[in-house]
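Below is one structure, written out as structure tokens; the observations come after it.
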Amino acid sequence: MMKGLLAVLLVLMAISSSMGKPEKQAEKKEKRVPQTLSRGWGDELIWAQTYEEALYKSHSSNKPLMVIFHLEDCPHSSALKKAFANHKEIQKIADEDFILLNLLFETTDKHLSPDGQYVPRILFVDPSLTVRADITGRYGNRLYAYEPSDLHLLLSNMHKAKKLLKTEL
């Protein structure tokens with residue numbers, strides 16, 4: 001009888017000890033900021049993922065496409081990105097009137113590098129899929145380069161791209 005009581009007691013202890021253990025807590029993972037297509041150029045804006053997608057959206061919506069070439073570790077790209085993202089008027093017109101694409105790599109379309117491959121570089125493409133080589137920045141040796149101090153010119157060129165859209169198409 002004593003052996004039976006001991007066996008029952010051992011079974012009860014095993015059951016109660018397994019029930020009293022706290023469940024394993026899920027390991028806490030670091031919160032990661034999701035990588036967006038904006039890459040810091042304007043998180044509230046809608047960005048195309050590829051050049052082909054951007055061309056399709058531009059053509060189907062009848063909006064000009066703004067293509068920004070940059071590099072993550074380039075100080076000139078970083079400075080322009082910060083100024084672009086903080087400029088409320090540029091962000092507003094970009095959101096309302098443009099299809100947007102920023103690229104870290106060159107495309108196979110040679111029309112997007114009419115004067116060479118450098119960064120940062122901003123080009124406009126109209127909905128007829130024509131690269132607007134006539135909309136340039138202020139530098140003679142890098143026609144499509146902009147610096148943070150050139151945002152007034154970039155904004156003017158954005159308006160020009162919209163205006164040409166209405167008068168030429």
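The local environment of Ser38, defined by Cβ-Cβ distances under 11 Å, has a net charge of 0 under the rule Lys, Arg +1 and Asp, Glu -1. Take Thr108: with every protein chain present and a 1.4 Å probe, its accessible area is about 130 Å². Among the chymotrypsin sites (Phe, Trp or Tyr not before Pro) within the range 43-123, those in coil by DSSP and having at most 13 neighbouring Cβ atoms inside 10 Å are Phe105. Sequentially through the range 39-44, phi angles give Karplus couplings (6.51, -1.76, 1.60; θ = phi - 60°) of 6, x, 7, x, 5, 7 Hz, Gly and Pro residues having no value and appearing as x. The heavy atoms of Ile46 offer some 130 square angstrom of accessible surface to a 1.4 angstrom probe.
In the range 39-150, Rg over Rh equals 0.92, where Rg is the alpha-carbon radius of gyration and Rh the Kirkwood radius from pairwise Cα distances. Entry comment: accessible area of the range 53-122 is 51 Å² per residue, from protein heavy atoms only and a probe of 1.4 Å.
Counting only heavy atoms of the protein chains and using a 1.4 Å probe, Glu53 has close to 60 Å² of accessible surface.
The values are calculated or read from the model by the stated rules, or taken from the named source; none is laboratory data. All values reported here derive from a predicted model rather than from experimental measurement. Cβ: placed from backbone, ideal geometry, glycine included. Neighbour counts: every protein chain shown. Note: accessible area is taken over every heavy atom of the protein model, side chains too, but ligands, DNA and RNA are not part of it. Shrake-Rupley method; radii C 1.70, N 1.55, O 1.52, S 1.80 Å.
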